[in-house]
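Input: a single structure, listed below in C-alpha cells.
FYI, it's all coordinate maths here, none of it is from the lab. None of these values were measured; they are calculated from a predicted model. Ideal geometry is used to build each Cβ from the backbone, glycine not excepted, and the neighbour counts take in all protein chains shown.
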Ligand SMILES: Cc1ncc(C[n+]2csc(CCOP(=O)(O)OP(=O)(O)O)c2C)c(N)n1
Ligand SMILES: [Mg+2]
C-alpha cells in the first residue's frame, strides 16, 4: 500500500477552515459548498458573511465553525463591507503598516442577500472594481427565516410566502438570472458551480480569487428542508440540476462563455422536479412549460459558448 501512496496526487487541502459541529440541517448542500470553497481559498482569506443560514448555523455565540477571519454583515451589505475590507488592506500596505502579501477577500451571501436585498451593494462593488470574490450560495429561498420565496426561487416551487394551492402554483415568476446580472458589469470572472461537482467548484473558487478585480460565483445549494427532499439525495439532486440543464455549469472569463460540464443530451426536467416536494403539485402542463423554458435557456447559453469559441479562434 505504502509503495503506491507516494503516487497519489494531493487533490484537495486536508485542512477544514469551515469546521464540523455546526448546526446545519442534515444534508445541507450550502454547508458542503462552503466547506469546499474554503478548501480552495487556503489560509490567507477574510470572509465577509451576510446574515443567512451560514451565519446562523456556524456562529451561535460563543461558538464558531470558522477557522478564518470572519466578519458578519447585515443582510444587505456584504459586498459593501468586503469593499471596505479590501480598500482598507490596500491602504495599510500603502502606509507601510502591513506587508504586501495577498489576502483574499471573499464575500458570502445567500440568494436573498444577493439577488434581492444586497443587489445594490453588490452592483456598486462590482462596478468600482474591488479586488474580491463574491459567492452567492443559492438555496432558492429565504431559508433560515422559514422558506420564504426570493427572486431566485424557481417557477412553480411552493414556499411559505408563495404556497401552492387551489389558486396558485406557488412561485409565479421565473428565477432571476444573477450570473447574467453580474456578467453585465463586465467583470473579469463569473461562474456557476454546485457542490455535487466538487473539483469544478474548487477550481472556480481558486480562479475567482486569483483573478485581479471582482469575481462572482453563483453556487446552487440543495436545501432538503426547504425543497422537501430526502437529505441523502443532496448530491444526486445537484447533479440532476446540471444534467437536466436547469442549472448549467459554466464560466465567463473576460466576457467569454465556456461550459465546464457539457451535457450533450439533457435529461428531462421531470427527473429533477419529481424528487422534490416543493414541485409535487405541478401538472403535466406546468412541467412541460418548465421544460420548454429550460430548452430555450440552454440553447441560448450554447449559442453564447459557440460565439465565444469563434472569437477565440
Ligand atoms: C433588513 C433585514 N430584513 C430581514 C432580515 C431577516 N432575515 C435574516 S436572514 C433572512 C433570509 C436570508 O435568506 P438568504 O439570503 O437566501 O439566505 P439563506 O438563509 O437562505 O441561507 C432574513 C429574511 C434581516 N436580518 N435584515
Ligand atoms: Mg437562500
Order by neighbour count: 258, 10, fewest other Cβ atoms within 10 Å first, most last. 10, 258
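What does the helix-only formula give at 222 nm for the chain: each DSSP H stretch with n ≥ 4 adding -39500 (n - 2.57), the total divided by the residues, and the result rounded to the nearest 500 deg cm²/dmol?
The helix contribution divided over the chain gives -11000 deg cm²/dmol.
Please work out the FRET efficiency for the pair residue 283 and residue 262, using the Cβ-Cβ distance as r and a Förster radius of 35 Å; give the result to the nearest 0.05. Intermediate values should be presented prior to the final figure.
Values: r = 32 Å, r/R0 = 0.90.
The pair residue 283/residue 262 has a calculated efficiency of 0.65.
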Where does helix 78-94 land angle-wise versus the long Cα axis of the chain, in degrees 0 to 90, nearest 10? 20 degrees
Taking the inverse of the average 1/r across all pairs of different Cα atoms in segment 2-312, what Kirkwood radius in Å do you get? 20.0 Å
Which order results if 200, 111 are arranged by neighbouring Cβ count within 10 Å, fewest first? 200, 111
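Rank the residues 300, 236 as a footprinting-exposure proxy: fewest other Cβ atoms within 10 Å of their Cβ go first.
Arranged by neighbour count, lowest to highest, 300, 236 become 300, 236.
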Among 248, 268, 69: highest mean-square fluctuation, GNM of the chain, C-alpha pairs under 10 Å: 69
